[in-house]
Amino acid sequence: MPIKALNDRKKLSNEFNDAHDEFIDAVLEAFRDGTLPLDLARAYLAHPVAMMHTDGAQAVADYFARILAQRPNIDWTPGS
């Protein structure tokens with residue numbers, strides 16, 4: 001694999017990890033402050049993992065971005 005491809009892959013991985021950590025923090029904060037019930041918190045944390053096998057890391061990163069773009073008032077209601 002060419003060096004550029006390795007560097008691009010490492011960069012995507014770092015950006016994904018940062019987005020993932022930020023998303024987890026948002027879910028846990030909503031759970032702690034009572035905005036999000038436990039069953040929905042579990043679903044939000046499990047959902048991106050389930051998506052990864054079909055849509056790849058970019059779909060998961062896009063999902064994180066859509067949810068986090070709603071801050072400071074994230075609508076945690078499931079649905080479209």
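Observations on the model:
- Set Ala61, Ala19, Ala57, Ala30: member being more than 8 Å from the chain's Cα centre (by Cα), modelled with pLDDT of 70 or more and surrounded by 15 or more Cβ atoms within 10 Å (Cβ to Cβ): Ala30
- Yes/no for Ala46 being part of a helix (DSSP H, G or I), modelled with pLDDT of 80 or more and either among the small types (Gly, Ala, Ser) or over 13 Å from the mean Cα position of the chain (by Cα) (or both): no
- Any pair with Cβ under 8 angstrom, 6 or more apart, that starts in segment 16-43 at a residue that is closer than 15 Å to Tyr63 by Cα and ends at one that is exposed (fewer than 12 other Cβ atoms within 10 Å of the Cβ): Ala26/Arg71; Ala43/Pro78
- Restricting attention to segment 67-80, the residues that are surrounded by fewer than 12 Cβ atoms within 10 Å (Cβ to Cβ) and either at pLDDT below 85 or under 9 Å from the mean Cα position of the chain (by Cα) (or both) total 4.
The values are calculated or read from the model by the stated rules, or taken from the named source; none is laboratory data. No experiment lies behind these values; they were computed from the predicted model shown. When we count neighbours, we look across all protein chains shown, and the Cβ atoms used for this are built from the backbone with ideal geometry, even at glycine.
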